[in-house]
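All remarks here apply to the structure that follows.
The values are calculated or read from the model by the stated rules, or taken from the named source; none is laboratory data. Predicted model, so just to flag it, every value in this text is computed and none were measured. Positions of Cβ are backbone-derived with ideal geometry, glycine not excepted, and every protein chain shown enters the neighbour counts. Heads up: the accessible areas ignore ligands, DNA and RNA and are worked out on the full protein's heavy atoms, side chains in. Shrake-Rupley method; radii C 1.70, N 1.55, O 1.52, S 1.80 Å.
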Amino acid sequence: EFIDNHAENFGGGLKINTGYLVNVYLDNDTLTSNHADSDGGGLHLTTDTAYIHINELEATYNSSEGSGGGLFTDLADSGLQADLLYLASNTANFMASQSRGGGAAFTASADSAVNLSETTIVSNQAYIGGGVSVSGQHSGFLVTDSLLSGNDAYLLGGGLDHTDGASDGMNLNIVRSEISDNHSSFEGGGLRIQQTDNSIFNLNNSTVSGNFAAVYGGGISLPTRASVNSNLKYSTIAFNETGFRGGGVYTQGSSCNVTNAIIGMNQAGFGPDIFGLKDFEPCALEHSLIGDTSDAYIIDESNNLLNTDPMLESLEFNGGPTRTHRIDHNSPAYNAGAFLTPAPPEHDQRGEGFERLRLGGLDMGAFELQNLPDFLFRDRFENP
């Protein structure tokens with residue numbers, strides 16, 4: 001346990017600066033109410049050609065004047081695997097224009113990779129990247145089976161902000177995760193994604209719900225570069241809001257592909273579900289449902305349901321580690337998806353025990369209906 005410590009520079013609770021080929025293992029550690037006058041309120045981690053494994057680290061109520069209220073990393077040619085990471089109520093100076101990552105700020109150089117699994121990032125604050133900030137020249141950043149909720153950014157990326165790096169070809173993947181109820185006072189309530197040329201952003205089997213941005217992209221703000229390939233697959237983007245453009249998705253540049261997804265019930269002044277400028281790349285839709293296509297610049301590839309109510313239920317625990325919007329057999333998204341190349345994931349957002357192929361078809365969105373209601377006995381024996 002590292003509690004109530006203060007650093008006049010980096011690493012309020014703990015600072016680790018490894019040498020070449022020194023591996024780091026953190027297991028069942030707690031960082032609480034620590035403060036750094038620079039970066040890394042709870043933990044500051046610098047590595048060179050190393051492997052880092054973090055398991056069940058809990059960082060709460062830490063703060064920094066710079067970046068990384070809970071956790072700050074500067075990775076050089078290293079790999080970081082974090083399992084069951086819990087970051088809550090941490091703050092990176094909310095009013096300092098350079099502060100990033102209230103929960104965590106990950107900086108990673110070329111050939112560095114970060115994997116977050118079963119991670120919870122809630123109620124953190126920063127100027128940019130209320131929950132998480134990702135920057136540098138990483139080769140891959142993966143978030144799986146995780147929750148980003150209730151985080152607040154003063155400017156950009158309420159839940160997660162991905163900042164341009166200095167090299168091409170960066171990949172960001174979010175899989176089987178919930179991004180909900182995050183807030184940004186400008187752009188990207190849930191996610192703000194900016195990547196260098198020839199990069200890939202994948203949102204797969206995930207739910208983006210209830211996020212807010214004051215100006216652009218209540219749910220997601222996509223990259224401005226046409227050479228970035230943004231893919232929104234088997235996901236539900238719903239009940240997000242912005243005051244200006246793009247309640248669900250705001251796009252003005254990247255190649256946007258929407259497949260077997262639901263984007264509906266979002267709100268905005270312009271483009272409630274998708275906003276896109278016609279001078280840029282349109283979003284290509286395939287076997288997806290869009291609730292309202294107003295101000296959306298899209299290509300209707302095949303078998304889409306446009307201007308259709310998806311009939312989503314509220315965000316609830318319907319099984320699995322994260323919440324989903326359930327649909328029933330009356331929803332137009334039921335069995336309206338398609339098996340495309342590459343093959344669909346084996347499970348829906350909830351993971352093992354919730355197969356994607358059920359009831360003779362594939363549903364649009366992050367939730368796959370597993371069983372039909374009992375039509376014969378649904379009113380019981382007593383009622384005619």
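Points worth noting:
- Rounded FRET efficiency, nearest 0.05, which uses the C-beta distance separating residue 372 from residue 197 and R0 of 56 Å: 0.75
- Separation of the residue 309 and residue 359 label points, Cα + 7 Å toward Cβ, nm: 1.9
- Beta bridge orientation in region 234-384: antiparallel %, DSSP, nearest 5: 15
- Choice from 36, 76, 238 with maximal GNM fluctuation in the chain (Cα, 10 Å cutoff): 76
- For region 75-192, accessible area per residue (1.4 Å probe, heavy atoms of protein chains only), Å²: 27
- Antiparallel %, DSSP beta bridges [both residues in the chain], to 5: 5
- Working note: Karplus 6.51/-1.76/1.60 with θ = phi - 60° gives region 7-21 the couplings 10, 7, 9, 9, x, x, x, 8, 10, 10, 10, 7, x, 5, 6 Hz, where Gly and Pro are set to x.
- Taking only the Cα atoms of the chain, the ratio Rg/Rh comes out at 1.00, with Rh defined as the Kirkwood radius.
- Tensor-based shape of region 301-371 (alpha-carbon gyration tensor, a/c under 1.5 rounded, otherwise prolate or oblate): oblate
- Across region 111-148, the residues whose backbone nitrogen lies under 18 Å from the label position 7 Å along the beta-carbon direction of residue 24 are 111-117, 132-142.
- Local electrostatic count, residue 5, Cβ distance below 14 Å [Lys/Arg +1, Asp/Glu -1]: -4
- GNM top mover of 241, 65, 313 - the chain, alpha-carbon springs below 10 Å: 313
- Taking a ≥ b ≥ c as the square roots of the Cα gyration tensor eigenvalues, region 225-384 comes out prolate, since a/c reaches at least 1.5 and a/b is larger than b/c.
- Net lengthening on full extension, residue 279/residue 339 (0.36 nm per residue, minus Cα-Cα): 18.4 nm
- For residue 268, the shell of other residues with beta-carbons less than 9 Å away shows a net charge of -2, using +1 for Lys and Arg and -1 for Asp and Glu.
- Between 280, 186, 106, the Gaussian network model of the chain with springs among Cα atoms under 10 angstrom shows the greatest mean-square fluctuation at 280.
- Three-way shape label, region 189-304, alpha-carbon gyration tensor, a/c 1.5: rounded
- Calculated FRET efficiency, residue 300 to residue 8, Cβ-Cβ distance, R0 = 56 Å: about 0.45 to the nearest 0.05.
- Spatially, region 46-64 and region 181-225 are offset by 25 Å when compared through their Cα centroids.
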